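Colleague: Take this structure first; my questions come after.
The values are calculated or read from the model by the stated rules, or taken from the named source; none is laboratory data. Since this is a predicted model, take the numbers as computed values, not measurements. For neighbour counting, all protein chains shown are included, and Cβ atoms are generated from backbone atoms with ideal geometry for every residue, glycine included.
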Amino acid sequence: MKRMATIAALIAFGATPAVAQWAGMPVWNNPKGGTGVTIDGDLGFPNTNGGKGTAYGARATVGFANISVTAGLSNWKPDGYSSSTTSVGGTAQFKVIGGSLIPVAMNFQLGAGTASAVTSGTVTQPKITMVVAGAGISVNVPTPGLSIEPYLSLGERWNKASGFSTQSNFGWVIGANLGFGMMGLHLAYDSQKLGGATRGIIGVGAHVALKAPIGM
């Protein structure tokens with residue numbers, strides 16, 4: 001009976017409230033890349049189909065010429081749940097086009113993460129493993145004293161709840177990275193159809209780059 005109740009709850013919530021390697025967050029991207037270390041603070045706002053609530057996260061990225069590696073975590077308490085889920089994960093990004101003299105950039109992304117079990121009433125949703133793979137493209141908008149990078153990311157997401165089969169779904173993100181000196185802001189909207197419903201997440205945040213991105 002307990003397993004039957006768990007299955008019913010998973011169906012009701014679309015099998016998992018997480019959509020990416022960090023629960024409650026968009027799949028962040030920065031196709032232009034950069035060198036040095038960048039620290040991000042993030043907020044995620046899932047829509048009703050995505051579980052609602054507010055997610056809080058932090059990330060650190062180490063960038064090289066054409067490769068950057070990110071590690072981070074998030075904490076999110078969806079509406080109707082009596083506990084929050086904490087996820088940890090990381091992303092590797094590989095830039096294939098772009099540079100200081102080229103206004104268009106393109107990269108490939110590969111990321112993974114895990115989200116802890118979360119409780120809704122008497123039902124506990126199991127631990128979830130998430131994997132994302134895709135590509136992003138951006139345009140560097142030349143503005144004096146300000147770096148503006150709107151981007152579009154497309155990719156596949158795999159969600160695996162412990163004890164259940166893996167779900168594979170397509171997702172897309174539209175966003176922008178803004179930089180002014182060492183400081184910057186980032187925002188994104190993430191959309192994914194999962195469990196028969198389209199889940200959306202609005203993400204906003206701020207970052208500090210200890211070395212200016214390439215092209216600024």
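Colleague: Could you list, ordered by first residue, the pairs with Cβ atoms under 9 Å in which the first is in segment 116-134 and farther than 25 Å from GLY155 by Cα and the second is among the charged types (D, E, K, R), at least 6 apart or interchain?
Modeller: So the pair list comes out as ALA117/LYS127; VAL118/LYS77; THR122/LYS2; VAL123/LYS2.
Colleague: Would you list the strands (runs of 3 or more DSSP E) that sit entirely within segment 119-216 and hold 3 or more residues that are touching a helix residue (DSSP H, G or I) at 6+ places or on another chain (Cβ under 7 Å) and modelled with pLDDT of 85 or more?
Modeller: 197-209
Colleague: Has segment 33-55 got any residue that is within 20 Å of VAL173 (Cα to Cα), touching a residue at least 40 places away in the same chain (Cβ under 8 Å) and hydroxyl-bearing (Ser, Thr, Tyr)?
Modeller: no
Colleague: Restricting attention to segment 153-197, report how many residues are without any contact (Cβ under 8 Å) to a residue 60 or more places away in the chain and within 17 Å of THR91 (Cα to Cα).
Modeller: Count: 4.
Colleague: With the condition kept exactly as written, say whether any residue in segment 151-159 is over 24 Å from LEU101 (Cβ atoms), charged (D, E, K, R) and surrounded by 15 or more Cβ atoms within 10 Å (Cβ to Cβ).
Modeller: Among the residues of segment 151-159, at least one is over 24 Å from LEU101 (Cβ atoms), charged (D, E, K, R) and surrounded by 15 or more Cβ atoms within 10 Å (Cβ to Cβ), which makes the answer yes.
Colleague: Related question: Among the residues of segment 33-43 satisfying the criterion of being within 15 Å of THR91 (Cα to Cα) and buried (at least 20 other Cβ atoms within 10 Å of the Cβ), which is modelled with the lowest pLDDT?
Modeller: First pass over segment 33-43, keeping only residues within 15 Å of THR91 (Cα to Cα): 33-34, 37-40.
With the extra rule that they be buried (at least 20 other Cβ atoms within 10 Å of the Cβ), the set shrinks to 33-34, 38, 40.
Values: GLY33: 90, GLY34: 86, THR38: 95, ASP40: 97.
Residue satisfying both the conditions and the ranking: GLY34.
Colleague: Across segment 87-141, which residue is farthest from ILE67 (Cα to Cα) among those that are over 21 Å from the mean Cα position of the chain (by Cα) and among the β-branched types (Val, Ile, Thr)?
Modeller: It comes out as THR122.
Colleague: Take the residues in segment 142-161 that are of a type in the set (Gly, Ala, Ser) and more than 29 Å from GLY51 (Cβ to Cβ); name whichever of them is nearest to the chain's Cα centre (by Cα).
Modeller: Quick first cut of segment 142-161, residues of a type in the set (Gly, Ala, Ser) only: 145, 147, 153, 155, 161.
With more than 29 Å from GLY51 (Cβ to Cβ) added as a condition, the list becomes 145, 147.
Working: GLY145: 28, SER147: 22 Å.
Taking the candidates together, the pick is SER147.
Colleague: Test TRP172 against the criterion of being of a type outside the set (Val, Ile, Thr) and under 15 Å from TRP28 (Cα atoms), and give yes or no.
Modeller: Yes; evaluated as a whole, the condition is true for this residue.
Colleague: Out of segment 78-118, which residues are assigned to a strand (DSSP E or B) and among the hydroxyl-bearing types (Ser, Thr, Tyr)?
Modeller: THR85, THR86, SER87, THR91, THR114
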